[in-house]
1. Looking at segment 121-137 only, could you name the residues that are part of a helix (DSSP H, G or I) and aliphatic (A, V, I, L, M)?
2. Identify all residues within segment 337-374 that are closer than 24 Å to Ser59 by Cβ and either of a type in the set (Phe, Trp, Tyr) or in contact with a His (Cβ under 8 Å, 6 or more places away or on another chain) (or both); write none if there are none.
3. Does Asn155 meet the test of being closer than 21 Å to Leu10 by Cα and outside the structural domain of Leu225 (by TED's automatic domain parsing)?
4. Quick check on my filter: what residues within segment 313-340 are out of contact with any Phe, Trp or Tyr (no Cβ under 7 Å at 6 or more places or on another chain) and not in a helix (DSSP H, G or I)?
5. Mind listing whichever residues of segment 138-165 are in a helix (DSSP H, G or I) and over 20 Å from Gly251 (Cβ atoms)?
6. So which pairs qualify, if the first residue must be in segment 217-230 and aromatic (Phe, Trp, Tyr), the second must be assigned to a helix (DSSP H, G or I), the Cβ gap must be under 6 Å, and the two must be at least 6 apart or on different chains?
7. If a residue has to be closer than 13 Å to Leu29 by Cβ and free of Cβ contacts under 8 Å to residues at least 40 places away in the same chain to count, how many in segment 126-152 make the cut?
8. Confirm whether Tyr231 is part of a helix (DSSP H, G or I) and either buried (at least 24 other Cβ atoms within 10 Å of the Cβ) or in the same structural domain as Glu126 (by TED's automatic domain parsing) (or both).
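The values are calculated or read from the model by the stated rules, or taken from the named source; none is laboratory data. Quick caveat: nothing in here was measured; it's all calculated off a predicted structure. Neighbour counts are summed over all protein chains in view; Cβ atoms, including those assigned to glycine, are modelled from backbone coordinates with ideal geometry.
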Amino acid sequence: MLSIAPLLVLLTSYIMVGFAFGRYMLPLLAPDMIEDGVIGYDGLAAMTSVNQIGYLAFSFLGGFLARLVNPKLLIVGSVGLTGLFLCALGAVREPLVIGVLVGTLGALTATTWVPMVRLIQHAIDERLHGRALGIIGSGTAYGTAITGALVPVINRTFDWTMSWYVFGVVALVLTVVGLVVVPDVPRQEGQKQGSGRGRFSSFSRQALRVYAMMFLSGGGLTVFLTYFVPYVRSDLGISSELSGLAWSLLGLCGMASGVLVGQLADRTSVREGLIYGHFAMMLAIMTTLLWPSAITVVATACIFGLAYFGTFGMFPAYVSKMVAERDASSTYGIGNLCLGSGAALFNFVGGTIKAQTGSFELMFIVSCAIAIAIMALAMRIQSDRRDEPAMPDAPCGAESSIEGKVEDAV
């Protein structure tokens, strides 16, 4: 593990750049930008939507691009462009140009993250995929903690434009490091069709189960992350100080999530990591629903943080183990599109439920039910354990006799 530590640290920092800097820093700086008259609240809403659209579109397209373009070029190039566009956001004042930059940053985040599945297949031993992608997936937690701590200081010392410049330069420096550290993926290796283990194609029944899990996970569980603080403040009447502490603890625990869930996945299986991770998140949500208090809010934040960010990395880890290298990025790209679509849909549903009922409680009950559904689906997908025999998987529409064999396998 030590031999791949520099690569893991760098790839984790790339996720930090894409998600925390490229996608989630705008809401932090928006109040100052609005105060200066650069954008308005309607413009902010439109920019957030465009960023999400860019991310979803290139979650799908990025997977197929990784089959045509060296993943190193896609990943490192995307981080470099992210750095340039972050710096540009500090210089421009035209709302339309800002919107284009923000939308492109969403797309670049996807082309940074999705091709990593194929890169990990090439560069890291399969036995470490769970830990590796769990740690990398936790980059968002690290980045959120860093921006949350530094942006207010930078804004007080200079102004909001300097925050864009600082984090843009950080991304550019990491780009230069990546040119040296990130390995190339030979084109001929990208054409391999697997090693004879239990692998499945992008449109098999097994793949559809994974896509369904990702859609539900993105929807039912990301919505809890979105509305956790509003729920604690408005539904439970918890003070802003305690809710802020709970949110900070969620992020801090998220930093350890990748190691914890990834270690579990590598010792047992990624499939079991998915099951245990979603069980822990369901337990966290139920704790606050059944016994609402200041203590359970803090406990919920810690449990959810320890499970969420690492489990986020289990989906690409599973794909990296079970899909041939040529198809891995495109398969995960489709899954990531499902995950993002689920998040967008259920965030809207969660807000609507709050508006109609005056509470988030019903939405979080639905989240618990969704977690149970995900665990049930996880039990139906093929195991990625090395000591279990490989079994064939049938494409959609295959003969029932073949499907029967698949069902026996899972």
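1. Kept after step one, since they are part of a helix (DSSP H, G or I), are these residues of segment 121-137: 121-123, 126-137.
Once the filter is applied, which keeps residues that are part of a helix (DSSP H, G or I) and aliphatic (A, V, I, L, M), segment 121-137 yields Ala123, Leu128, Ala132, Leu133, Ile135, Ile136.
2. Result: Phe346, Phe348, Ala371, Ile374.
3. Values: closer than 21 Å to Leu10 by Cα: no; outside the structural domain of Leu225 (by TED's automatic domain parsing): yes.
Criteria not met by Asn155.
4. Within segment 313-340, Gly313, Ala324 qualify.
5. So the first thing to find is which residues in segment 138-165 are in a helix (DSSP H, G or I), and the list is 139-157, 160-165.
Residues satisfying the conditions are Arg156, Thr157, Trp160, Thr161, Met162, Trp164, Tyr165.
6. Listed by first residue and then by second, the contacts come to Phe224/Ile285; Phe224/Ser367; Tyr227/Gly350.
7. Just the residues of segment 126-152 that are closer than 13 Å to Leu29 by Cβ, to begin with: 147-148, 150-152.
Next cut, free of Cβ contacts under 8 Å to residues at least 40 places away in the same chain only: 150, 152.
Selection size over segment 126-152: 2.
8. On the way: part of a helix (DSSP H, G or I): yes; either buried (at least 24 other Cβ atoms within 10 Å of the Cβ) or in the same structural domain as Glu126 (by TED's automatic domain parsing) (or both): yes.
Yes: the conditions hold for Tyr231.
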